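This report refers to the structure that appears directly beneath it.
Every read-out reported here was derived from the displayed coordinates using simple, explicitly stated rules and does not represent laboratory data. These numbers were taken from a predicted model, which means no experiment stands behind them. No Cβ is skipped: glycine too gets one built from the backbone with ideal geometry, and neighbour counts run over all protein chains shown.
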Amino acid sequence: MNRIQTLEGQNLFRKFSILLLITFLLGGCSLSTSSHMKKEKKEYKIGILLSDIGLGDESFNDSAFRGLEKARDELGVLFDYREAPDGNLEKPFEELVEQGNDLIIGLGFSSQEALEKTAKKYPNQQFLLIDGVSELDNVVSITFKEQEGSFLIGMIAAMKSKTNKIGFIGGADIPVIHHFEKGFIQGAKYVNPKINVLVENANNFGDAELGGKIAEKQIKQGADFIYPAAGFTGFGALQKAQEKKVLAAGVDSDQYFVAEKAVVTSMLKNIDVAVFNIAKTLKEEGAIKTSSYQLGLAEDGVGLADIRVIQLKQDEQKAIEEAKNKIISGEITVESN
């Protein structure tokens, strides 16, 4: 074999070696990309058990549902939901576990007992409790500072009351409803220390007729602004306020369309935002690592819907904005109990 043939053979070998190396590198990249794509393509699933009367409450449940719909449309996170009109909460929780959901949400304080029982049975399943605090390792808790948003509602009520009497209707004698009540009273007295706040609990979140009766009773006692934190029971209160031509405020979602001639604004409890953000965290991190969240004005957890029906004076608007900023900064502490 002459020298020219040897050089040609060496060149050919080098080319072959380079080709093999490129093929190997490309193959490695392909495998890495494929593995990354598989990770990205994992479909996360969320199950939720709605509270009380379920969908169509124009409030708590519908807000959470909107958050999940947004997560589905924008993030590709799948979801399923259950209702429990018969009061058996453990069964739907079990069904959601069996479906293989990555996260299961219990909506409302009333779901806590059943959720925790299920969580103890399935320690590797992650749960989320909204409106309650759990000590279990596999349960994430979200609560809201309803008192902060209600403080602003109380200010508006006191500014616009002509009778010096306003009314609060609670759905039950429980801590989360006390948040609404105490914030409302504190905000009203911040504007007018002598204002009279009538308070009554319906002990029912699903009876619009009862809500109307309580509102009518408060209106007969002189209340000209009604603030119900009572789920569907509050519907009746808002509609009664409209019928009797007094002002009112909604809760949880913008409830202006429940009584368009009465609802001045609503204390927004941004459950939809919280649920969407949780879904986003689940998709990005694969699990929820923070054990609890407490969301107030500073975190956009609560706030006010648009002001309608009435018009605030410039100094009134300024006072509300200043109070909001003071609450966020900590200069004003809103009591919850």
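Which Cα, out of Thr233, Leu268, Ala248, lies furthest along the positive dipole direction of the range 182-320 (beta carbon charges, K/R +1, D/E -1)?
Farthest along the dipole direction, towards plus: Ala248.
What is the local net charge at Glu209, summed over the other residues whose Cβ is closer than 12 Å to its Cβ (Lys, Arg +1; Asp, Glu -1)?
Every neighbour counted, the sum reads 0.
Please figure out what share of the DSSP beta bridges in the chain is antiparallel and state it in percent, rounded to the nearest 5.
Antiparallel bridges: around 5 percent, rounded to the nearest 5.
I want to check the label-to-label distance for Thr333 and Tyr122. Put each point 7 Å from Cα in the C-beta direction and report it in nm to one decimal.
4.1
Using the count of nearby Cβ atoms within 10 Å as a rough guide to exposure, how do Asp252, Asp86, Asp207 rank from fewest to most? Could you put the intermediate results ahead of the total?
Values: Asp252 27, Asp86 8, Asp207 20.
Ordered by Cβ neighbours within 10 Å, fewest first: Asp86, Asp207, Asp252.
For Arg66 and Asp300, compute 0.36 nm times the residue count separating them, minus their Cα-Cα distance, and round to one decimal in nm.
Here the segment from Arg66 to Asp300 would lengthen by 82.6 nm.
Going by a ≥ b ≥ c, the root eigenvalues of the Cα gyration tensor, does the range 70-209 fall in the rounded group (a/c under 1.5), the prolate group (a/b larger than b/c) or the oblate group?
Taking the square roots of the gyration eigenvalues as a ≥ b ≥ c, the range 70-209 is prolate.
Step through the residues of the range 171-188 one at a time and calculate ³J(HN,Hα) from phi using the Karplus curve (6.51 cos²θ - 1.76 cosθ + 1.60, θ = phi - 60°), rounding each to whole Hz and writing x for Gly and Pro.
With coefficients 6.51, -1.76 and 1.60, one gets x, 6, 8, 9, x, 5, 6, 4, 4, 4, 4, 5, x, 4, 5, 5, x, 5 Hz.
Can you tell me the dipole magnitude for the range 240-337 around its Cα centre, using point charges on the Cβ only (Lys, Arg +1; Asp, Glu -1), in Debye to the nearest 20?
Around 300 debye, computed over the range 240-337.
Each residue of the range 219-231 in order: what ³J(HN,Hα) in whole Hz does its phi give by Karplus 6.51 cos²θ - 1.76 cosθ + 1.60, θ = phi - 60°, with x for Gly and Pro?
For the range 219-231, the Karplus-derived couplings read 5, 5, 7, x, 5, 10, 8, 10, 10, x, 10, 8, x Hz, x marking Gly and Pro.
If we count other beta carbons within 10 Å of each Cβ, what is the order of Thr118, Thr290, Thr233, fewest first?
With the sparsest Cβ surroundings first, the list reads Thr290, Thr118, Thr233.
Where the only charges are on Cβ atoms (+1 Lys, Arg; -1 Asp, Glu), what is the dipole of the chain about its Cα centre, to the nearest 20 debye? Working shown, then result.
Details: 39 positive and 48 negative charges, 186 e Å.
About 900 debye.
HN-Hα J couplings of the range 191-196 from phi, Karplus 6.51/-1.76/1.60, θ = phi - 60°, integer Hz, Gly and Pro as x?
Coupling constants for the range 191-196: 8, 9, x, 9, 5, 9 Hz.
Provide the net charge surrounding Glu69, with neighbours chosen by a C-beta distance below 12 Å and charges set as Lys +1, Arg +1, Asp -1, Glu -1.
-1
Give me Lys313, Lys217 sorted ascending by neighbouring Cβ count inside 10 Å, so fewest comes first.
Lys313, Lys217
Would you grab the residues whose amide H sits under 5 Å from the one on Leu129? Only those 5+ places off in sequence or on another chain, please, with H modelled 1.01 Å from N.
Here Gly106, Val140, Ser141, Ile142 satisfy the definition.
Residues with beta-carbon under 12 Å from that of Gly170, excluding Gly170: net charge, scoring Lys, Arg +1 and Asp, Glu -1?
In short, -3.
Tell me, in nm to one decimal, what length is gained between Ile307 and Lys194 on full extension, where the rule is 0.36 nm per residue of separation less the Cα-Cα distance?
38.2 nm
Compute the angle between helix 233-243 and the longest alpha-carbon principal axis of the chain, please, reported from 0 to 90 degrees and rounded to the nearest 10.
Orientation of helix 233-243: about 50 degrees from the principal axis.
Rounded, prolate or oblate: pick one for the range 166-238, where a ≥ b ≥ c are the square roots of the eigenvalues of its C-alpha gyration tensor, a/c under 1.5 means rounded, and failing that, prolate if a/b is larger than b/c, else oblate.
It is oblate, given that a/c is not under 1.5 and a/b is not larger than b/c.
Looking at the square roots a ≥ b ≥ c of the eigenvalues of the Cα gyration tensor of the range 38-121, which shape do they give, rounded for a/c under 1.5, prolate if a/b is larger than b/c, or oblate?
Oblate, because a/c is 1.5 or more while a/b does not exceed b/c.
Mean projection of the alpha-carbon convex hull of the chain over all orientations, in nm²?
Convex hull of Cα atoms, orientation-averaged projection: 25.0 nm².
List the residues, sorted by chain then number, that are 5 or more residues from Gly170 or on another chain and whose placed amide H is less than 5 Å from its amide H.
Glu200, Asn201, Ala202, Ala229
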